[in-house]
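None of the figures in this text is laboratory data; all of them are computed from the coordinates on show. Since we're looking at a predicted model, the values are computed, not measured.
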Amino acid sequence: MAVNLIEILQGQLGNSLVKQASSFLGETESKTESAISGILPALLGTMTKKAGNNSGANALFNAIKDGGFDGSSLNDVAGLFSGGQKTTNLLKSGGGILDMLAGNKLGGIVNAIASFSGVSKGSSKSLLSMAAPLLMSVIGKQVKTNNLGVTGLVDLLKGQSGFIGKMMPSGLASLSSSLGLADLGDGVKQTASRATNTVRETATATRTAATQTTEKASGGIGKILPWLGLLLLGLLGAYFLRGCDGAVGDVANKVTETTENAVDATKDAATTVVETTGDVVEGAGDALTGAAKAAREKLGALTFEIGSFGDRMSKFLSGSGDGDGRFTFDKVTFATGSAKLAEESKEQLDNLATMMDAYPKVKINVEGYTDNTGNADKNKTLSQDRADIVRAYLVGKGVAVDRMGATGYGDANPVGDNATAEGRAANRRIDVVVTAR
């Protein structure tokens with residue numbers, strides 16, 4: 001009897017993932033729990049799909065072995081979400097796993113989970129990044145305990161298809177379809193076999209139509225039209241994914257009819273494409289900056305105290321303020337001797353995330369500092385952990401990790417007199433240094 005890997009992970013985690021992740025990301029526990037309920041079957045389904053061919057199965061097996069996913073990390077679940085280097089490492093590891101598993105489909109998964117659960121897109125991506133290495137650890141433990149090779153791993157994952165279907169929330173049916181998870185059962189081979197001839201015929205018709213249209217088109221636009229045929233083939237594939245649960249013959253007939261209509265439409269669209277391409281190209285620049293414009297409108301609605309971190313940095317980024325690009329947070333603090341963010345810190349970090357959205361070319365380095373009390377090496381480690389947790393929080397709010405560095409300097413570069421309580425307080429700080437804009 002197949003083991004249910006999702007249930008094993010849920011039993012191992014208890015409520016730790018929901019409670020600590022929601023606190024870390026600033027989301028409610030109910031929304032976080034809803035997101036995770038979809039994330040775990042989606043991830044396991046994607047892994048099962050990955051193992052559906054030899055190259056994918058080998059890549060997944062090697063990732064488990066090379067990444068040291070043997071289940072040992074699950075022995076310190078609380079530590080993984082306590083902030084600092086462990087949390088940062090978890091997010092980085094998860095990011096690499098997601099790239100391997102989902103590739104260019106990752107954005108769609110992030111959006112679907114966010115829409116379903118109500119968490120932000122940034123939180124959705126962070127939760128996926130947190131869950132991926134944990135699930136890999138559960139699988140890796142099975143591989144290690146049972147001495148499984150690649151074939152054994154494939155068999156283990158094949159046995160999960162029934163559990164995935166039962167545990168995927170109904171509100172994420174569209175995600176199952178887009179990922180191709182509905183065809184994990186035996187029916188996919190029969191469906192693919194019956195559909196092959198129809199796909200071949202419609203592909204030939206599409207290529208012919210695209211070629212004819214290209215020959216009639218004038219100038220550089222003629223080079224664009226063949227891609228319409230490729231786009232149509234992509235739509236055709238999506239149509240079959242949606243139709244896997246229905247009768248194959250009916251799906252084939254519908255696709256054939258749709259394709260014939262699309263081929264005719266392609267010819268008619270040629271003239272329109274030629275006429276409108278200039279307008280589309282001309283407007284592309286504005287479209288690309290739409291997200292930044294929205295963020296700047298949101299930023300403009302915020303009110304900052306004169307001379308505060310937000311006031312000085314927002315003016316610097318807009319070009320209306322002076323400075324050397326170095327800014328010290330005035331409301332970001334931590335529990336004594338730890339890298340746990342104080343709750344009141346999150347508002348200022350949220351504002352910084354908005355600034356980063358508003359100015360997408362900006363890159364920063366987060367710098368952590370301490371006073372000179374205690375062991376210098378421990379102070380440097382603490383300062384690094386605090387810088388890391390600030391960066392991790394911003395990643396959770398949707399800021400790309402490659403736009404931010406994080407460095408801990410310990411008690412170096414004091415700005416106050418360590419001989420006084422006031423000076424030591426000033427030295428315990430987080431600076432943000434703008435490195436590109």
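The distance from the alpha carbon centre of the range 413-431 to that of the range 357-390 is 14 Å, rounded to a whole number.
Over the range 293-436, the reciprocal of the mean inverse Cα-Cα separation, the Kirkwood hydrodynamic radius, stands at 15.5 Å.
Karplus-based coupling profile of the range 158-167, in residue order and whole Hz: 4, x, 8, 4, x, 5, 4, x, 6, 8, with θ = phi - 60° in 6.51 cos²θ - 1.76 cosθ + 1.60 and x standing for Gly or Pro.
Please tell me which of these pairs span more than 28 angstrom C-alpha to C-alpha: LYS105/LYS315; LYS50/LYS141; LYS49/LYS293; LYS144/LYS397; LYS125/LYS361?
LYS105/LYS315; LYS49/LYS293; LYS144/LYS397
In plain terms, the C-alpha convex hull of the range 5-183 casts an average shadow of 9.0 nm² when viewed from every direction.
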